[in-house]
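Structure, as C-alpha cells:
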Amino acid sequence: MTGLLCSPLPVLLLLLWPWETQPQFAGPGCRAGPLDLVFVIDSSRSVRPFEFETMRQFLVGLLRSLDVGPNATRVGVIQYSSQVQSVFPLSAFSRREDMERAIRALVPLAQGTMTGLAIQYAMNVAFSVAEGARPPEARVPRVAVIVTDGRPQDRVAEVAAQARARGIEIYAVGVQRADVGSLRAMASPPLDEHVFLVDSFDLIQEFGLQFQGQLCARDLCNGVDHGCEYQCVSEGLSYHCLCPEGRQLLADGKSCNRCREGHVDLVLLVDGSKSVRPQNFELVKRFVNQIVDFLDVSPEGTRVGLVQFSSRVRTEFPLGRYGTAAEVKQAVLAVEYMERGTMTGLALRHMVEHSFSEAQGARPRTLNVPRVGLVFTDGRSQDDISVWAARAKEEGIVMYAVGVGKAVEEELRKIASEPAELHVSYSPDFGTMTHLLENLKGSICPEEGISAGTELRSPCECESLVEFQGRTLGALESLTQKLVQLTARLEDLENQLAIQK
C-alpha cells in the first residue's frame, strides 16, 4: 500500500480558489494508447458535501490530463451508495468538455456504502460492449478507479476477484476512514501500485499525479501488435518480450521455450476451501497457468486435467478435454471458487478412481505415459488422507504436494512421493508462490524430470519385442559371467581351507 504523505491545504481555501488557479494535472503530454477507463465514485452519506466537491474537482482535473477520444481513452463514471447510478457510460462522450459538464451536474446519492454492488455493476454493465467498452478481441485495457471513504457494507473480495479475472485492472483509492483491508481485497496486484490511501479529500490530487504517471509509462505495448507470447514490456519508445520464470526467450525475440521431450498425464488438485479466500484463489489460478506455460500441451504431448475440492469434489475439466495450452489456461481462469471445507482425502480418492481413467482422457497404461498428480492446499484436511495417498502411489501416480500458509507438513509428506525433498514444496503465503515454479519445472517438466525420454510405443510392437529380447539376453549373459566368476572364487576358498586343515 502506498501512503501519500503531504501537508494538507485547508479545504476551505481549495473551494474558494477559482478552478483555473487550483492544483491541476499536466495536460495530455503522453499518449498511453487506447484505454477504457471507468471511475467508481463513493457518494454515500459519510462523504460530506465539501468533500464530494473536492472529489468532483479531482475528476475534472484528471480528465484534463487524459488523451480522450473514441480511438484513444474512453471514460465512464458511475456513483454508488446503497444503489448504483451511471453518470455517463463509456460511449456517451468523445469530448472532454461534455464529460466535465456531466461531472459538474453530478448530485450525490447520500445513502449507504455498497461497494461490492458497484464493482458488480462496473463488471457486468459499465465495461460491456453495449455501454461502449471495446470488445475483448481488440485487447484494449480496461481500468476501474474506485474512490471510497469508508468500509463497504457488502462483500467486495469475491466480486473484485471476478472482475480482475475478466481482465479489469482495479485501482483502489481510500480517503480518511477507508478500510485498508477492503482496499487491498479490491485492488489488482502488485498492491503497492494499485492501492492508495490519503488522509483527506484535499490530498486526493496526489493520487491523480501518480495515476497519470502510471498511464504515461503504460505503454507502447498497448498500441502495437507486439507478438509476444507471454508478456510485452515497454521501454520508452521501444519494447521487448519476456517469458515466465524458468523459460527462455527464443531467437525470434517473441516465443518462449517449452518442455518438448516426453509426455505426461497431469492432474491438478486445487484446494477451494473457504480458508483460501477469493483473492488468493485467483492467485492460485494464475499459478496453475504459470505451470501450464512451461508444458507442451497437446493430445500427443502433455495432457492436463483440473479438479477442485472443498467439502466435495468437482472435476473442472478432465485430461482429454483440451488440446492446447491456451484452451487449458482459459478454462482455468473460468473456474469458480467453491468455498466450504477441506476434504483432501476425498479429492485423492476421486483422482485415483476417476481422473486417471481412460474415460477421462488418461492414456492406456500400456503406453507407459507417466501419471502425475499435483495437490495444492493451504490447510489441514478434515478427513483421512493416508489410505488414498498410499493408494495413489501404489497405482503408479507420481505425487507432488504444494502447501501454502497453514498447510501441514506431515500431510504434505504423506501425499507426496519419495523423496519428499523433490516432491514437497511450501510457500508461507499466496503472494510468494512463484518461487516454487522452478522446483516444479525441474520435476514435472518432461525434458528435465520424471519422464525424460519417454516414448509412446506399444510394448507389443515387433521392434519393442526385439529390443526387449536383446536387453534381456544381454542381462542374462552378464549375470552368467558373474555367476561363473563367483563359482571360481568359492572353489578357491574351499581349496585354501582344505590346505589349512
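Listing for the model above:
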read-out	value
Region 73-126: relative contact order as a whole-number percent, Cα under 8 Å and 6+ apart	42 percent
Coil-residue GluC sites (Glu not before Pro) of region 295-350, DSSP, other Cβ within 10 Å capped at 10	Glu300
Radius 11 Å from Cβ of Gly167, net charge of other residues (Lys, Arg +1; Asp, Glu -1)	+2
All-pairs alpha carbon distance profile, region 72-203, 10 Å steps from 0, percent	12, 42, 38, 8, 0
Three-way shape call for region 314-372 based on the alpha-carbon gyration tensor, with the a/c threshold at 1.5	oblate
Within region 262-367, percent of DSSP bridges classed antiparallel, to nearest 5	35 percent
Positive minus negative residues near Ala392 (Lys, Arg vs Asp, Glu; Cβ under 12 Å)	+2
Largest-first ordering by accessible area, 1.4 Å probe, given options Val140, Val147	Val140, Val147
For Pro70, net neighbour charge (Lys/Arg +1, Asp/Glu -1) across residues whose Cβ lies under 12 Å away	+1
Peptides ranked, highest mean first, by Cβ atoms within 10 Å: ranges 62-73, 367-378	367-378, 62-73
Added length on full extension, which subtracts the Cα-Cα distance from 0.36 nm per residue, Glu418 to Lys406	2.1 nm
Residue-level accessible surface for Ile78, protein heavy atoms, 1.4 Å, Å²	0 Å²
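The values are calculated or read from the model by the stated rules, or taken from the named source; none is laboratory data. Please read these numbers as outputs of a predicted model, since none were measured by experiment. Neighbour counts are summed over all protein chains in view; Cβ atoms, including those assigned to glycine, are modelled from backbone coordinates with ideal geometry. SASA here: full protein model, heavy atoms, side chains in, ligands and nucleic acids out. Shrake-Rupley method; radii C 1.70, N 1.55, O 1.52, S 1.80 Å.
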